[in-house]
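S.K.: First the structure, which I've put down as structure tokens, then a few questions once you've had a look.
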Amino acid sequence: APNTLAGWQEAMDAALTLPNLEAVTISYGMPEQQLYSEAASGVAGTPTTPMAAIQTITDSFNQVAANTSVFVAAGDQGSFGAQGAPPAGCMSNEGGDAEVAWPASIPSVIAVGGTIWPTGPTRAGESVWLQPLGSSSMWPCTGAATGGGMSQIYSQNAWQQAAMAPISTTMRLVPDVSLLAGPPGYLM
């Protein structure tokens, strides 16, 4: 489905019709501010609000997550959605305030961050996934990095309220778990 509210609604509606669905994995999304802009443009001239449109799609995710595990990547371009000045031949991608990726920020999903390991057979030295500008053939113009941070839209779910009590926030924190996302790759 396209990375639009209508596309996400279509994907969640399809997931609800699949019998014996065991898991849903999602590796794309958008910064929360882009979601808000998308919702605002989608409801122009209607009696609803951007937050009501966001709540409608959130409810669809909640329905799917009530019956199966929904795993969502926490982002591929870091907490800013863009990293610094682009390499030669790339358009400017500097931008915005730090923000988390949606739908990873939805409290009913499992947000998955990324890590990298040093070369070798052990996980000693595991760190956050970050591939600087120009170092990634997949993202040559933006670099690549796991996303994460605090949602500006969603409150923490019950388990995060208990687990994150020392952190002074009531908003959803992302990611929930992390897996290998960069070097040395899955051949490990």
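S.K.: Quick check: anything in the stretch 32-40 over 16 Å from Ala104 (Cβ atoms) and either modelled with pLDDT of 90 or more or assigned to a loop (DSSP other than H, G, I, E, B) (or both)?
M.R.: Scanning the stretch 32-40 turns up no residue that is over 16 Å from Ala104 (Cβ atoms) and either modelled with pLDDT of 90 or more or assigned to a loop (DSSP other than H, G, I, E, B) (or both).
S.K.: Restricting attention to the stretch 48-68, report how many residues are part of a helix (DSSP H, G or I), open to solvent by less than 20 Å² (accessible area, probe 1.4 Å) and not aliphatic (A, V, I, L, M).
M.R.: 3
S.K.: Residues Gly7, Gly78, Gly113: which one is open to solvent by less than 40 Å² (accessible area, probe 1.4 Å), in contact with a Gly (Cβ under 7 Å, 6 or more places away or on another chain), modelled with pLDDT of 85 or more and within 28 Å of Gly182 (Cβ to Cβ)?
M.R.: Details: Gly7 fails: in contact with a Gly (Cβ under 7 Å, 6 or more places away or on another chain); Gly78 fails: modelled with pLDDT of 85 or more.
After applying the criteria, what remains is Gly113.
S.K.: Could you list all residues from the stretch 101-115 that are within 9 Å of the chain's Cα centre (by Cα) and polar (S, T, N, Q)?
M.R.: Ser105
The values are calculated or read from the model by the stated rules, or taken from the named source; none is laboratory data. This structure is a prediction, so every number in the text was calculated from the model and none was measured. Glycine gets a Cβ as well: all are built from the backbone with ideal geometry, and neighbour counts include every protein chain shown. Areas reflect the complete protein model, heavy atoms only, side chains present, ligands, DNA and RNA absent. Shrake-Rupley method; radii C 1.70, N 1.55, O 1.52, S 1.80 Å.
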